[in-house]
Structures are given as C-alpha cells and as structure tokens.
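This report concerns only the one structure given below.
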Amino acid sequence: MGSFMSKISRAGLTLVIIGAVLLGFSLGDALISFKPAVSFDEAYENGVEAGDHVSGRVPLLGDSFATLQTWTEDRSNNSRTPAKTSAVYYMFPAGESLVGVRVGSKSVSAANDLVDETYGWFSGGGEPSTVLELDARVAEMEEELAEAFREELKDYYGYTDQDLEELGTPLLIEPRAFTTIRVFCGAGAGLLLLGVLLLVLRWRKVSASLRRARADYDPDLG
C-alpha cells in the first residue's frame, strides 16, 4: 500500500479532482451552448425540448407563477435581512403547451411590462414592444417549482388533472451565462488533463526508481 501511495502525485490528484468538479458543473451546459440556438419566435411556434438552446428576444410573456427570494439569517438574534427577489418565473406558450421562463431580478421590470403588453395585444392592441432578450437552456423543472407551475395551470388556465398528467414534467427556459460556463469547462478540462499527466509522470518516475533500487539490492532482478 505504501509503495502504491508513493507513486501518486498529490498535486496531480488534486488537479484531477478540481478539474472533474468543474467539468461536472459545466460540461452539460457547455454542450448546450454549442448547439444552434432556436429563437423565442421558433419556440413559440414549434415548442421546445429539454436540452434545447433558446436565444434572442422574447416576443410575449404570460403571468408569473413563482418568485425566488433570498435573505441572510442571523442565528445569534434570530433575525434575517429583508427578502430580495432573485428571479421571477413566467408562463410562456411554446407550441401546443406552456413552459416556464426564469427572469433574473434585473429584468423583472421589463418582463412585467411585456406581460401587460401581451394581454393588451391579445385584447386587440398593438404587438408587444418591450425588449427582453435571454440566452437560455431548456431543462426539466425541479419538483417544487413544477408544483407551483401545475397549480397555476389548474387554477388559471383550466387544465384538468388528466391534462397535467399528459403534460409530464414541465419544462423551464432558464438563462445561463454560457461564456462563463465555457471558460469553466475549458479550465476543468485543462486541469484534468494536467492532473492526469502529473499522475502518469509521477507513477513512471517512482516505478523506475523502485526498479533500480530492487536491481541494486538483487542484481539478478536487473
């Protein structure tokens, strides 16, 4: 066991672990980022699937169905900071179904304006003019968010239990920082390869030293 461990480069092993973690977090989204992006107009007409890359201006938007809020707790006096809105989730018609769209806090005002303009357009007004641009992936919703989505469909859009069952797992159009993700993915791959190289070099170096030591101890082994 001691001989085996002496052949392992600690630096190489550390780099392999860090690289693997970075790849684990970024590889899936990096692959999506290289897919040809469909526009939101195309998504509106034809629908989307998990793993799609959707990018461009959002032409219309339905009501919000959930809000993500964050705060900081201070356990010393059982207090917390005022909740801040991190993201709001909206309905978006995609093909023959509805999906969710996540909008970050900086774009919520524009998204709300777009919702108002969308209903105005449906009522005979002009087409929505608010500019809301997103570069996003399509993924399955986490269960807690999916429950809020199903409740919204049932309470306000007339979906029945059978409709919800046929819908399956709801989809979410979720903006991603694809440039940053590609950087992390490249860094992870580089660290992983460098770590493997260090492990191989260390293994060969120590193995060669052990063989020489054994040969010096017992010439017949040489």
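A few comments on the model shown:
- Comparing Y44, Y89, Y156 in a Gaussian network model of the chain (Cα springs below 10 Å), the most mobile by mean-square fluctuation is Y156.
- Rolling a 1.4 Å probe across the protein heavy atoms gives the stretch 1-86 an accessible surface of 64 Å² per residue.
- Estimated FRET transfer efficiency (V21, W121; beta-carbon r; R0 41 Å; 0.05): 0.35
- Using the Cβ of D163 as centre and a radius below 12 Å, the other residues enclosed give a net charge of -2, where K and R count +1 and D and E count -1.
- Around the amide H of V99, modelled in the peptide plane, lie the amide H atoms of F92, A94, all under 5 Å away and 5 or more residues distant in sequence or on another chain.
- Dipole moment magnitude, nearest 20 debye, the stretch 45-116 about Cα centre, only Lys, Arg, Asp, Glu C-beta charged: 460
- Of G47, G168, G19, the one that fluctuates the most in a GNM where the chain has Cα springs shorter than 10 Å: G168
- Each label was represented as a point 7 Å from its Cα along the Cα-to-Cβ direction; for L13 and S207 these points are 1.8 nm apart.
- Choice from W121, W71, W203 showing the highest fluctuation, given a GNM over the chain with Cα pairs closer than 10 Å: W71
- Near G51: Cβ cut-off under 13 Å, other residues only, Lys/Arg at +1 and Asp/Glu at -1. The net charge is -2.
- This model, with +1 at the C-beta of Lys and Arg and -1 at the C-beta of Asp and Glu, gives the stretch 119-165 a dipole about its Cα centre of some 340 debye.
- Under a model in which nothing but the beta-carbon of Lys, Arg (+1) and Asp, Glu (-1) is charged, the stretch 28-71 shows a dipole of about 160 debye around its Cα centre.
- The chain - convex hull of alpha carbons, volume per residue in Å³: 215
- A protection proxy built from the mean count of other Cβ atoms within 10 Å ranks the segments 124-131, 175-182, most packed first, as 175-182, 124-131.
- If you sort K205, K154 by accessible surface, 1.4 Å probe, largest first, the order is K205, K154.
- Pair N77, E147: separation of 7 Å Cα→Cβ label points (nm): 3.4
- For T160 and D135, a Förster radius of 35 Å and the Cβ-Cβ distance give a FRET efficiency of 0.50, rounded to the nearest 0.05.
- Selection from P170, Y90, A208 lying farthest towards where the dipole of the chain points positive, charges on Cβ: A208
- Pairwise Lys count, the chain - Cα closer than 29 Å, eight or more residues apart or different chains: 4
- The A187 and F34 beta-carbon pair, evaluated with R₀ = 25 Å, returns a calculated FRET efficiency of approximately 0.90.
- Residue-by-residue Karplus 3J(HN,Hα) for the stretch 122-133, coefficients 6.51, -1.76, 1.60, Hz, glycine and proline x: 5, 8, x, x, x, 5, x, 10, 5, 8, 10, 10
- Among the protein heavy atoms of the stretch 1-146, carbon and sulfur supply 52% of the accessible surface, probe 1.4 Å, non-protein parts ignored.
The values are calculated or read from the model by the stated rules, or taken from the named source; none is laboratory data. This is a predicted model, so every value here is computed, not measured. Backbone-built Cβ (ideal geometry, glycine too); neighbour counts: all protein chains shown. Areas reflect the complete protein model, heavy atoms only, side chains present, ligands, DNA and RNA absent. Shrake-Rupley method; radii C 1.70, N 1.55, O 1.52, S 1.80 Å.
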